[in-house]
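Following: one structure in structure tokens, then a few remarks.
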Amino acid sequence: MASEGLAGALASVLAGQGSSVHSCDSAPAGEPPAPVRLRKNVCYVVLAVFLSEQDEVLLIQEAKRECRGSWYLPAGRMEPGETIVEALQREVKEEAGLHCEPETLLSVEERGPSWVRFVFLARPTGGILKTSKEADAESLQAAWYPRTSLPTPLRAHDILHLVELAAQYRQQARHPLILPQELPCDLVCQRLVATFTSAQTVWVLVGTVGMPHLPVTACGLDPMEQRGGMKMAVLRLLQECLTLHHLVVEIKGLLGLQHLGRDHSDGICLNVLVTVAFRSPGIQDEPPKVRGENFSWWKVMEEDLQSQLLQRLQGSSVVPVNR
Ligand SMILES: C[C@@](O)(CCOP(=O)(O)OP(=O)(O)O)CC(=O)O
Ligand SMILES: [Mg+2]
């Protein structure tokens, strides 16, 4: 993929799209990671934040024994064979009685590659709000509450931050609308847009095995990568080509997300924006030296692409991960 191919790939990722994952540039040592199987070695959760124009939040009252009567946002575990959006729409219908459309990903939370939660800002498109008369195993009821006076008890307080994220996004959208792209993937992996900037010039790390491409790192499901979280896979790839001890690496967040779910392709690919900078504050005009033959820095020359990338970097215009 010559420069125009790379420019096309970068433009696609910056637009929240992406492309199928055919191979990885970095994987955990030893055996190749086992294919991902939902509900067997990974659990994906979907969660919806509905925030009305009257600044009210849609909550559901849990029916499960272990949290019965407590209030939470509509959320649930994905089932094999469904897309992320289908899971979101199923859970909201089951727990709140409403049809919905996702507006954008608000946040992705992960406790290692085996547990990932996709948090959406969503809007109701129909259906009838579930009342206590329709209580069942999915939920006791659903109701709208003023954002500043939510009912108690809450099932968990983690939703307070998510509701705040939704309110902030409504007030000022920090990133473009980003929705999952239905592209097949066998692993939990991350495609890196790893950048080095100097003045108004930006370089992007590219994989050079085969056609030059945005590098992909596979997340391991072993205990070490579980404990360290998904950033371990990013650091592992960068460690393979850069001398990290004099660099500062920051994973800014998501530019996009890929998953299909159908045809047993349960994997996900997170398209992540990463910055690489020298630890010492001295002016560094050139990116850090790359070790080996498998990666190199590509200077982004296309003005439009460069300004788009700089704008995303300067504004942290990405979906936060674990933030
Ligand atoms: C796992 C949660 O994010 C909530 C979603 O899972 P549920 O317990 O509500 O699952 P379903 O029965 O499928 O609705 C809470 C958490 O501890 O992460
Ligand atoms: Mg639930």
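The values are calculated or read from the model by the stated rules, or taken from the named source; none is laboratory data. Just so we're clear, the structure is a prediction, and the values are computed from it rather than from any experiment. With ideal geometry, Cβ positions are generated from the backbone for all residues, glycine too; neighbour counts draw on all protein chains shown. Calculation scope for accessible area: heavy atoms of the full protein, side chains included, ligands and nucleic acids excluded. Shrake-Rupley method; radii C 1.70, N 1.55, O 1.52, S 1.80 Å.
In this simple spin-label model, placing a label point 7 Å from the Cα along the Cα-to-Cβ direction at both TRP115 and GLU286 gives a separation of 4.6 nm.
Restricting the trypsin sites (Lys or Arg not before Pro) of the range 207-291 to loop positions (DSSP other than H, G, I, E, B) with no more than 12 neighbouring Cβ atoms within 10 Å leaves ARG279, LYS289, ARG291. Structural descriptor for the range 41-169: relative contact order 34 percent, calculated from alpha carbon pairs under 8 angstrom and at least 6 residues apart.
Only helices reaching 18 angstrom along their own axis (Cα) with mean Kyte-Doolittle hydropathy no lower than 0.0 count here, and for the DSSP H runs of the chain these are 158-171.
Taking the helices alone, the chain has a mean residue ellipticity at 222 nm of -6000 deg cm²/dmol, built from -39,500 (n - 2.57) per DSSP H run of at least 4 residues and averaged over all its residues. For the chain, the relative contact order works out to 24 percent when only alpha carbon pairs closer than 8 Å and six or more residues apart are counted.
Stretched out straight at 0.36 nm per residue, the stretch from GLN171 to LEU235 would grow longer than its current Cα-Cα span by 19.6 nm. DSSP finds beta bridges in the chain, and of those with both partners inside it, around 70 percent are antiparallel. Accessible surface calculations at 1.4 Å, restricted to protein heavy atoms, place the chain at 45 Å² per residue. For the chain, the Kirkwood radius over C-alpha pairs fed into Stokes-Einstein at 4 °C and 1.567 mPa s yields D = 63 µm² per second. Once you reduce the range 20-75 and the range 124-168 to the center of their Cα atoms, the two points are 17 Å from each other. In the assembled protein chains, THR197 presents an accessible area of approximately 70 Å² (probe radius 1.4 Å). For the chain, the fraction of 1.4 Å probe accessible surface lying on carbon and sulfur atoms is 53 percent. Remark: relative contact order (the range 244-323) = 34 percent; criterion is Cα-Cα distance under 8 angstrom and separation of 6 or more residues. Counting only the Cα atoms, the range 117-227 fills a convex hull of 253 Å³ per residue.
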